[in-house]
1. Could you go through the range 334-349 and let me know if any residue there is within 16 Å of ligand 2 (Cβ to nearest atom), in contact with a Leu (Cβ under 9 Å, 6 or more places away or on another chain) and either touching a residue at least 12 places away in the same chain (Cβ under 8 Å) or assigned to a strand (DSSP E or B) (or both).
2. Could we say that PHE145 is among the aromatic types (Phe, Trp, Tyr), within 16 Å of ligand 1 (Cβ to nearest atom), modelled with pLDDT of 95 or more and in contact with a strand residue (DSSP E or B) (Cβ under 8 Å, 6 or more places away or on another chain) here?
3. Among THR118, THR70, which is within 24 Å of ALA246 (Cα to Cα) and within 16 Å of ligand 2 (Cβ to nearest atom)?
4. What number of residues within the range 294-326 satisfy the criterion of being in a loop (DSSP other than H, G, I, E, B), under 23 Å from ILE353 (Cβ atoms) and more than 14 Å from ligand 1 (Cβ to nearest atom)?
5. Give the residue that is nearest to PRO198 (Cα to Cα), with candidates limited to residues of the range 215-253 that are within 19 Å of the chain's Cα centre (by Cα) and more than 16 Å from ligand 1 (Cβ to nearest atom).
6. For the range 48-145, please list each of the helices (runs of 4 or more DSSP H) lying entirely inside it that holds at least 2 residues being in contact (Cβ under 8 Å) with a residue 24 or more places away in the chain and over 20 Å from the mean Cα position of the chain (by Cα).
7. Is there a residue being assigned to a loop (DSSP other than H, G, I, E, B), closer than 29 Å to LEU167 by Cβ and within 18 Å of the chain's Cα centre (by Cα) anywhere in the range 362-370?
8. On the basis of being among the acidic types (Asp, Glu) and within 15 Å of ligand 1 (Cβ to nearest atom), does ASP173 make the cut?
Amino acid sequence: MDDLTIVGAQLADGTRTDLHVAGGRFVAESPSGARRIDADGLIALPGLVDLHTHLREPGREESETVATGTAAAARGGFTAVFAMANTTPVTDTAEAVATQHRLAEGASAEVVPIGSVTRGLAGQELSDIAGMHAAGVTVFSDDGFSVPTAGLVRAAMEQMLPFDGVLAEHCQDATLAGPSACCHEGEVSRELGHEGWPTMAESVIIARDVQVAKELGARLHICHVSTAEGVEVLRWAKGRGVRVTAEVMPHHLLLTHELLRSGDTTFKVNPPLRPAEDVEAVRAALEDGTIDIVATDHAPHRAADKDKPFADASPGLVALEQVLAVVVETMVLPGRIDWAGLATRMSHRPAAIGSLPHQGRPIAAGEPANLVLVDPAARAVIDPEQTSSKARNNPYRGLDLPAPVVATYWQGRQTWGG
Ligand code: DOR
Ligand code: ZN
């Protein structure tokens, strides 16, 4: 742990200040013998928090481990990641949660386990929700699949009510978009002869779940909103006081289904890349608050799992190291949100949704020294080899994008940067 004086950093609200760090916290005065860091021209943001990361450990360590995934997180500006439950075995018991906590020791960012809603993600019987809560879990998700029925959503939410847990739903109605639906259903899927995943497969699940959450007064979080229809349903629900929050992923903010014409399976992801109208709808929703936060859905895969015919390739793409670049490019540079708005959407709000009181804190004396130093002017062409992840399924390959992350500090310890 370093004692630091970070000289001349600009905070998200535009004020310029020196930041002092001792014992892992921000302090008011420069500690004696502190290491001096010149932050002239840099912006200091609170450490980013990702509510939706796939770390693959245990079970698929060839794709990613907690060590490599959190190294990628630190490189992307994150000080905490929520680890999705679709590991092998699934995180569906207190014991599996304890395994996650043990794996997180020595990691480059805080790892917060998400518990599954149903045992083995099988959509049949509920996981041990109360037991996992006792082990520290507050967010539950069958990500990769929708919880199959409204009845199971209701039963799960009833178990979460006593501790105000949140059900994070992957919205893909399996009767409209099953396992062989591999891209957005539309002009491009028809041209390429792929089985499509219609817009309504997302929006009908959002509509179903907001009704259940409304009835119970329970908390619902909608994962990776990708459609204008989905945004409309969210607006309806938020307008009626439903306790629903939502996230958007960087690929849905920047990329469209036209990219599938390349045949590159890197671009295969669930929910799929959509037409430009949907991209504009999710940007507008992130701007006006209908979508609360940006998360990553960082989904590392081995080359062997992607190097297959399009219909058979694994869905998912990496995102931790490029998400800040994409949000700066699509939202900050065009003036749709400012740096304070970015901190809200990528640090304060995700920590609050995940009930993580010690992350997403303001940069102020007494608070944990979790921060990322950002260069607002740097740009670079994305090279997938420049990564701390094990995976190379990077959809931003070759794009000229902002290169914002200069250094990341978690509890005063430098986890990324020179
Ligand atoms: O594309 C995806 N990949 N979507 C998901 O929901 C799961 C994820 C994964 O685990 O690879
Ligand atoms: Zn998902």
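1. No; the residues of the range 334-349 include none that is within 16 Å of ligand 2 (Cβ to nearest atom), in contact with a Leu (Cβ under 9 Å, 6 or more places away or on another chain) and either touching a residue at least 12 places away in the same chain (Cβ under 8 Å) or assigned to a strand (DSSP E or B) (or both).
2. On the way: among the aromatic types (Phe, Trp, Tyr): yes; within 16 Å of ligand 1 (Cβ to nearest atom): yes; modelled with pLDDT of 95 or more: yes; in contact with a strand residue (DSSP E or B) (Cβ under 8 Å, 6 or more places away or on another chain): no.
Considered against the rule, which asks whether it is among the aromatic types (Phe, Trp, Tyr), within 16 Å of ligand 1 (Cβ to nearest atom), modelled with pLDDT of 95 or more and in contact with a strand residue (DSSP E or B) (Cβ under 8 Å, 6 or more places away or on another chain), PHE145 comes out as no.
3. Matching residue, one of THR118, THR70: THR118.
4. Taking the range 294-326 and keeping what is in a loop (DSSP other than H, G, I, E, B), we get 295-297, 299-302, 307-316, 318-322.
If we keep only those that are under 23 Å from ILE353 (Cβ atoms) too, we end up with 295-297, 299, 316, 318-322.
Among the residues that remain, those that are also more than 14 Å from ligand 1 (Cβ to nearest atom) are: 321-322.
Total meeting the criteria: 2.
5. If we take residues in the range 215-253 being within 19 Å of the chain's Cα centre (by Cα) and more than 16 Å from ligand 1 (Cβ to nearest atom), then VAL231 is nearest to PRO198 (Cα to Cα).
6. Working: elements: 66-75, 94-103, 129-134.
Passing ranges, in order: 94-103, 129-134.
7. So in the range 362-370, the residues assigned to a loop (DSSP other than H, G, I, E, B) come out as 362-367, 369-370.
Now drop any that are not closer than 29 Å to LEU167 by Cβ, which leaves 362, 370.
Cutting the leftovers down to within 18 Å of the chain's Cα centre (by Cα) gives us 370.
So far as the range 362-370 goes, yes, one or more of its residues are assigned to a loop (DSSP other than H, G, I, E, B), closer than 29 Å to LEU167 by Cβ and within 18 Å of the chain's Cα centre (by Cα).
8. When the stated conditions are applied, ASP173 passes them.
The values are calculated or read from the model by the stated rules, or taken from the named source; none is laboratory data. Nothing here was measured: the structure is a model prediction, and the numbers come from that model. Note: ideal-geometry Cβ built from the backbone for every residue, glycine included; neighbour counts use all protein chains shown.
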